[in-house]
1. Those residues that are touching a residue at least 24 places away in the same chain (Cβ under 8 Å) and more than 19 Å from A:T444 (Cα to Cα), I need them from the stretch A:238-260; list them, please.
2. Determine, yes or no, whether A:I185 is over 19 Å from the mean Cα position of the chain (by Cα) and hydrophobic (A, V, I, L, M, F, W, C).
3. Among the listed residues A:L112, A:L184, identify the single one that is over 30 Å from B:I200 (Cβ atoms) and of a type outside the set (D, E, K, R).
4. Would you tally the residues in the stretch B:53-92 being within 14 Å of chain A (Cβ to nearest Cβ) and either of a type in the set (F, W, Y) or surrounded by 13 or more Cβ atoms within 10 Å (Cβ to Cβ) (or both)?
5. Out of curiosity, is A:T265 farther than 27 Å from B:Q16 by Cβ, away from every other protein chain (no Cβ under 12 Å), in contact (Cβ under 8 Å) with a residue 12 or more places away in the chain and among the polar types (S, T, N, Q)?
6. Checking B:K432 against (1) in contact with a Ser or Thr (Cβ under 9 Å, 6 or more places away or on another chain); (2) modelled with pLDDT of 95 or more, which single condition isn't satisfied?
7. Regarding the stretch B:293-308, can at least one residue be identified that is touching a residue at least 40 places away in the same chain (Cβ under 8 Å), in contact with a strand residue (DSSP E or B) (Cβ under 9 Å, 6 or more places away or on another chain) and at the interface with chain A (Cβ under 7 Å from one of its Cβ atoms)?
8. Could you tell me which residue of the stretch A:270-292 is nearest to A:G455 (Cα to Cα), considering only residues that are within 7 Å of chain B (Cβ to nearest Cβ) and among the acidic types (D, E)?
There are 2 protein chains.
Amino acid sequence: MIFNLKFTSKTHKKIQIENYIKNLIETGILQKNEKLPSTREMSLLLDVSRNTIIDVYETLTNEGYTDTIKGKGTFISDKKIISKESHHLPWIEFINTHALDAASLDTTKHELRGTDDIIPFDSISPNKNLFDIDEIKRDFLNIISIEGNNILNYGYAKGYKPLIDYLKIYMKHKGVNIDNKDILITNGFTEGFNIVLSTITEKGDTIFCENPTHNTSLKIMKLHNLNIKGIDMDDDGINIDSLKDELEKELPKAVFLIPTYHNPTSIVMSPEKRLKAIDILNSFNVPIIEDGFNEELRYSNSNITSLAALNSSNNNVIYIGSLSKILFPGMRIGWIMADKELIDYLESVKRSINIHTSFLDQAILYEYLRGENFSKYVRKAKKYYKNKYELTMKYAKKYIPYAKIWGEGGLHIFVQVEGIHSRELLANCYKKGVAFTPGDIFYTDDKGYNTFRIGFSRASEAQIKKGFEIISKAISELKAK
Amino acid sequence: MIFNLKFTSKTHKKIQIENYIKNLIETGILQKNEKLPSTREMSLLLDVSRNTIIDVYETLTNEGYTDTIKGKGTFISDKKIISKESHHLPWIEFINTHALDAASLDTTKHELRGTDDIIPFDSISPNKNLFDIDEIKRDFLNIISIEGNNILNYGYAKGYKPLIDYLKIYMKHKGVNIDNKDILITNGFTEGFNIVLSTITEKGDTIFCENPTHNTSLKIMKLHNLNIKGIDMDDDGINIDSLKDELEKELPKAVFLIPTYHNPTSIVMSPEKRLKAIDILNSFNVPIIEDGFNEELRYSNSNITSLAALNSSNNNVIYIGSLSKILFPGMRIGWIMADKELIDYLESVKRSINIHTSFLDQAILYEYLRGENFSKYVRKAKKYYKNKYELTMKYAKKYIPYAKIWGEGGLHIFVQVEGIHSRELLANCYKKGVAFTPGDIFYTDDKGYNTFRIGFSRASEAQIKKGFEIISKAISELKAK
């Protein structure tokens with residue numbers, strides 16, 4: 001590991017070796033009683049004559065750096081080790097406010113989580129057992145045989161072209177006018193939202209969103225130091241009058257909306273409201289950031305037209321898509337579809353962050369999407385989650401003395417119970433074996449204290465029933481207090 | 001796509017349908033001459049009686065929204081389409097200074113690049129033909145059979161545990177004391193460096209680095225709005241006296257160093273200098289960010305001890321590792337090894353950026369690294385690049401009237417030619433079929449104007465010879481001017 005001395009031509013080699021070893025001893029790299037290599041070994045290591053090494057070792061011992069024990073070798077003495085203060089950095093003093101905020105908003109670290117023994121109503125991850133692993137294997141082998149080594153080398157910040165082209169057509173089929181639009185591939189929705197905010201907002205800028213809203217998005221907006229204005233929701237989406245009022249008070253840099261299976265309420269914004277919201281936001285020339293994360297999980301037959309599609313003739317919708325709620329979230333692939341001019345900047349920001357998203361993963365996903373099994377899979381997943389959704393609703397209504405239940409699909413429902421504090425309820429339930437997500441983390445104000453989100457994607461049917469029985473009991477206990 | 005009306009119980013359905021379709025017409029969603037579904041189809045779509053639809057269509061035609069043509073159907077008229085102003089956002093006005101900087105520092109967009117017809121001396125990407133694609137196939141199939149669907153679902157921000165554990169041992173074998181250290185997996189070096197700066201630096205903070213330094217790192221430091229102080233280099237690494245002088249003037253938040261096959265100079269910092277730099281930086285309690293990107297590409301037999309290993313008893317080295325210069329950069333996997341306390345914060349920042357790095361890729365890489373072929377591959381790659389390095393040096397020395405050539409290994413050499421401007425040289429060479437990287441993009445000041453980097457990883461032997469002949473000719477032409 002050490003003794004990797006590079007000689008310069010300016011000084012005698014003996015001197016260079018001496019100084020080098022002295023430094024190793026003084027700085028404590030070579031420690032007390034450590035044995036130096038034999039003179040023969042050292043002469044081979046450094047590629048100098050053995051006599052030079054013998055001279056060096058003699059000097060070192062004469063000057064007190066080493067002790068030579070006849071027949072045993074040369075050992076480091078502690079006379080010349082410069083006793084050093086420890087330079088143990090107190091890292092906490094180096095952590096900036098951004099990172100302190102990131103840590104304090106890191107729910108994974110602070111919230112109670114489902115485990116093998118705790119019913120995981122806190123999770124809205126897809127059920128891994130639905131993934132078609134054999135299909136993935138075929139896709140991988142196909143893509144390797146098509147792309148070969150190319151797929152393993154550096155790619156492009158915008159993404160893997162066949163995947164981009166596929167997603168353009170995919171969005172077109174969903175009604176989006178793709179003229180003058182482009183796509184940037186990101187590491188999931190989270191990175192997409194971060195890149196958009198990094199590009200169009202600055203510290204202190206105002207952003208509007210629904211209240212409540214997706215907790216990770218709320219965290220990201222907070223970490224960008226934005227002035228977050230939550231707009232209350234009706235049962236069919238954001239309250240249009242409030243939106244108008246707020247727009248008249250202050251023009252935000254952007255409005256973030258989750259029109260389809262909103263998180264946490266699962267509300268699907270009505271078509272009329274979509275049109276009204278677009279009309280108003282267009283008239284104020286405000287960019288709309290649309291989170292399309294759950295769009296594929298439509299249980300009913302009716303199609304839901306995205307804001308990006310409804311507002312196709314304009315260029316102010318930034319659509320962030322992801323298939324992570326149904327397909328392979330472990331791969332972390334999402335996309336941003338927006339005006340070409342904007343994508344060009346987003347691309348440079350993406351390149352500065354991590355060069356590009358894994359080309360291997362993008363290629364596998366492309367191969368999967370273009371195959372016939374994708375639509376089959378979506379049908380299977382919808383059927384599976386629809387069944388769970390109905391069961392969840394049934395038990396929620398049966399067991400919970402709710403003031404309100406929201407839920408039209410997706411992977412979760414949202415519940416409000418009067419007279420309780422959901423964190424107190426969670427603490428009680430957790431002891432009994434259930435985790436869920438307390439509603440307060442979704443709110444821009446303190447309105448959510450008596451709400452909670454129930455994710456059913458990873459809970460079995462038996463767990464769903466048992467989970468609600470436990471919550472019901474815990475509510476009774478809290479109310480009896 | 002449309003006609004996805006959700007009824008409320010408050011109003012008669014006929015009115016709701018009327019208003020809904022009127023809105024679609026007024027806002028231009030339904031366009032002139034478009035045919036409405038037949039009354040029978042519409043009654044099925046909306047699940048209302050056919051008579052209601054007949055009533056609605058009659059009203060629409062009476063009010064001028066539609067024209068009914070007997071036996072043909074009901075068509076949208078243009079009388080009620082509200083002609084709207086276009087709300088075409090001028091995106092450039094929304095782009096913040098960060099994104100404008102990212103775009104202007106985006107060399108991929110602005111620099112001349114190698115192509116199929118242009119000798120790619122600008123590239124230091126690994127040669128894809130060295131990748132062992134069959135091994136990757138085996139690793140993928142192995143990991144799928146071991147991990148199954150797990151590997152496709154959400155993972156953890158810190159990374160895939162078997163890979164983390166592997167890398168800990170790997171770093172330990174390189175002499176790093178891993179007690180109280182931890183590892184965070186990132187999307188390559190670029191993301192790792194971004195995460196570190198996002199955690200410990202703030203706008204206006206001072207950071208030291210070698211001058212010249214890695215251009216992408218320089219871009220990242222600029223995008224973090226840091227006050228960058230470049231410290232000149234000697235032939236064996238950073239100038240220690242200058243480092244000391246600058247430290248005495250101003251304490252930086254961190255020092256960024258590339259001790260091994262420095263980019264762009266390819267200098268390997270001498271062991272004595274490593275110890276001296278560590279000593280000084282420890283005494284000032286300054287964090288050291290070590291870029292270990294090229295450490296695996298050692299052509300000589302001697303080992304090079306990283307700063308992380310030499311300074312193992314302290315906790316101030318943040319080591320950012322990557323195998324992208326030899327293995328599969330398309331996967332974008334790197335790691336940060338640092339004090340546990342710091343990694344805990346870096347992990348929260350990573351989670352806020354993109355949740356985690358692809359678990360599929362991490363698992364494939366782990367499977368590859370733990371196999372026997374990794375060390376075989378590294379030997380093969382070293383031999384291949386060593387050969388090219390020697391050829392590059394030979395022709396550089398033969399053809400270029402250099403003032404100085406730096407280069408001890410890695411995938412590039414760095415050249416200084418008196419009396420030329422390397423951008424002018426590049427413009428001339430590009431016309432003749434050669435791209436290289438002008439030196440100015442590596443410098444924190446204007447010293448690099450007559451330098452350039454020659455990357456040889458992707459050039460063939462014939463291209464290396466031809467490339468230098470062209471550069472030689474271009475230099476003569478410039479000097480003759």
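1. In the first step, residues of the stretch A:238-260 are kept if they are touching a residue at least 24 places away in the same chain (Cβ under 8 Å); the result is A:238, A:240, A:243-244, A:246-247, A:250-260.
A:T260, the sole residue that qualifies.
2. No.
3. From the options A:L112, A:L184, the qualifying one is A:L112.
4. Final tally of qualifying residues: 6.
5. Here the answer is no, as A:T265 does not meet what is asked.
6. Result: B:K432 fails condition (1) only.
7. no
8. Of everything passing the filter in the stretch A:270-292, A:E272 is nearest to A:G455 (Cα to Cα).
The values are calculated or read from the model by the stated rules, or taken from the named source; none is laboratory data. These figures come from a predicted structure and were not determined experimentally. For neighbour counting, all protein chains shown are included, and Cβ atoms are generated from backbone atoms with ideal geometry for every residue, glycine included.
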